[in-house]
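A quick write-up on the structure given underneath.
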Amino acid sequence: MIALTVAEIAAIVGGRLADISPEQAARTTVTGTVEFDSRRVTAGSLFLALPGARADGHDHAAAAVAAGAVAVLAARPVGVPAIVVSPAEPVSASRSGALEHDDAVGSGAAVLGALAALAAAVAAALVAKGLTIIGVTGSSGKTSTKDMLAAVLAPLGQVVAPPGSFNNELGHPWTVLRADENTDFLVLELSARHRGNIAALAAIAPPQVAVVLNVGTAHLGEFGSREAIAETKAELAQAVPESGVVILNVDDPAVAAMADKTAARVVRVSRTAGADVWAGPVVLDALARPRFTLHAGTVETELQLGVSGDHQVSNALCAAAVALECGATGAQLADALAGAGPVSRHRMQVSARSDGVTVIDDAYNANPDSMRAALQALAWIARGEDPATPRRSWAVLGEMAELGEDAISEHDRIGRLAVRLDVSRLIVVGVGRSMGAMHHGAVMEGSWGAETTAVADVDAALALLRAELRPGDVVLVKASNSAGLTTLADALISDDAGDR
């Protein structure tokens, strides 16, 4: 973050000083990072006291200051130097039941609101000094594209991008505040659970360049319809000024229609000729890593991606389009994308174990579109170099969350797809109607005997895999994060034959 005094931050967020005098606040400067985890505080940090489901950051304020934080951004005095911001509604004197919960929610909203105000002020100051802000959204592929963007922009200057999926009302402004005077490009990932979420995030750090990847069915239960999801994704395109650029994946008709919703210049990307940036024929290697020719005006260059999955082509095209707008050459793109393997954990990470088992860890998130893409990658990798002697393939799948009334039919379709792709073994992890539908769909599609197995939890799935995996097998682990299959993927990757 740019250096600001405690007094300046208090003025920006509209907070009052506690346990620090105005004179001290004017002399005390935040020179480090803004942190919400007291264990990550270093000298010069500003600590965010956020109430959480299991812990209240206010209880860790003193420890944060002892670790080097110069002040705390809080909803109440905490006995150490603090900037106190008040909830919209006064906290209740009662500390029981729903009232206590409401107080925590109000306190958290107040601190998050102050964080957003601080990030907005810092972003505006840095843009005035030449910072370029790039925002990316889509129902799937945001994190992979964000990682590619960081890679292709790195040859052009210093890049700040969020770790993992820091894309909500906490992670988004937190990422903005990682930028400083030396940052040339700020890459931001924007997600939404309700209409207006993306517009609110974009208002914190208005992007000069925006990328819209796709409109799928992620969070369909929250939005109610794909049309509502499209309207929400379009909020990012609408946030770009007339002087900016909007990159649209026009292979998705709902995204292509957003060209009429922005005043900015539009760059269209596609897997077929005719767009501003497009890909020639795509060839996958043995690990399903795409290779294709990128065409963009006078630029024509061969790209070999370092990530697996045919679906990564569209993500790479969008990242390349941004980099070209920022001045990258074809050679820089080729080098950057070839070296840009998976960065964020549990997202299409392909690992070869010492016993010959290959694990595809895509366990962080799942929706019908990304589930289909991952299954197709599994089938390709298992096919190998000799389709006549394919490797055994395992799909270990958990629930796709937040699909609303479509949950049963979508899980049924995924179960059937696994059979159509000739996946050797399908392990359905979890109980409930959705997972029952996935298992039933596979059985009705023709799976029989032990080809499809339903297990209650991660432990049961891991025990089954450890008992039956053989050298050469390929295992995909995928589910929404709430299903908890990331621990299963970690255990599989760390397993060695004879060391379990």
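Key figures
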| quantity | calculated |
| --- | --- |
| Any strands (runs of 3 or more DSSP E) falling wholly within the stretch 353-451 and containing at least 2 residues that are within 24 Å of V343 (Cα to Cα) and not aliphatic (A, V, I, L, M) | 358-362 |
| Members of the stretch 43-57 found to be modelled with pLDDT of 95 or more and either open to solvent by 60 Å² or more (accessible area, probe 1.4 Å) or assigned to a loop (DSSP other than H, G, I, E, B) (or both), listed by number | A43, G44, S45, A49 |
| Of the criteria (1) farther than 24 Å from N167 by Cβ; (2) in contact with a Lys or Arg (Cβ under 9 Å, 6 or more places away or on another chain); (3) at pLDDT 95 or above, which one A61 fails | (2) |
| Unique match (being aliphatic (A, V, I, L, M) and free of Cβ contacts under 8 Å to residues at least 60 places away in the same chain) among A395, A379, A363, A374 | A379 |
| Selection count where residues are in contact with an Asp or Glu (Cβ under 9 Å, 6 or more places away or on another chain) and open to solvent by 10 Å² or more (accessible area, probe 1.4 Å), scope the stretch 126-138 | 3 |
| Members of the stretch 334-357 that are in contact with a Pro (Cβ under 9 Å, 6 or more places away or on another chain) and over 30 Å from L469 (Cβ atoms) | D335, A336 |
| Test result for A320, over 23 Å from the mean Cα position of the chain (by Cα) and open to solvent by less than 60 Å² (accessible area, probe 1.4 Å) | no |
| Exclusive hit being outside the structural domain of R193 (by the TED database), surrounded by fewer than 20 Cβ atoms within 10 Å (Cβ to Cβ) and at positive phi, set G436, G446, G430 | G446 |
| Qualifying residue in the stretch 174-188 (condition: open to solvent by 30 Å² or more (accessible area, probe 1.4 Å), modelled with pLDDT of 95 or more, in a loop (DSSP other than H, G, I, E, B) and touching a Lys or Arg at 6+ places or on another chain (Cβ under 8 Å)) | yes |
| Residue among E235, E231 that is farther than 26 Å from G327 by Cβ, open to solvent by 50 Å² or more (accessible area, probe 1.4 Å), assigned by the TED database to the domain that holds H172 and outside any loop (DSSP other than H, G, I, E, B) | E231 |
| When residues of the stretch 332-352 are limited to those that are assigned to a helix (DSSP H, G or I) and touching a strand residue (DSSP E or B) at 6+ places or on another chain (Cβ under 7 Å), the one most open to solvent (accessible area, probe 1.4 Å) | A338 |
| Index of the failed condition, A161 passing every other in (1) open to solvent by less than 30 Å² (accessible area, probe 1.4 Å); (2) in contact with a Lys or Arg (Cβ under 8 Å, 6 or more places away or on another chain) | (1) |
| Test: residue in the stretch 466-481 that is modelled with pLDDT under 95, within 26 Å of the chain's Cα centre (by Cα) and open to solvent by 20 Å² or more (accessible area, probe 1.4 Å) | yes |
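The values are calculated or read from the model by the stated rules, or taken from the named source; none is laboratory data. Everything quoted here is computed from the prediction, not taken from an experiment. Every residue, glycine among them, receives a Cβ derived from its backbone with ideal geometry; neighbour counts consider all protein chains shown. What goes into the accessible areas is simple: the full protein's heavy atoms, side chains included, and nothing from ligands, DNA or RNA. Shrake-Rupley method; radii C 1.70, N 1.55, O 1.52, S 1.80 Å.
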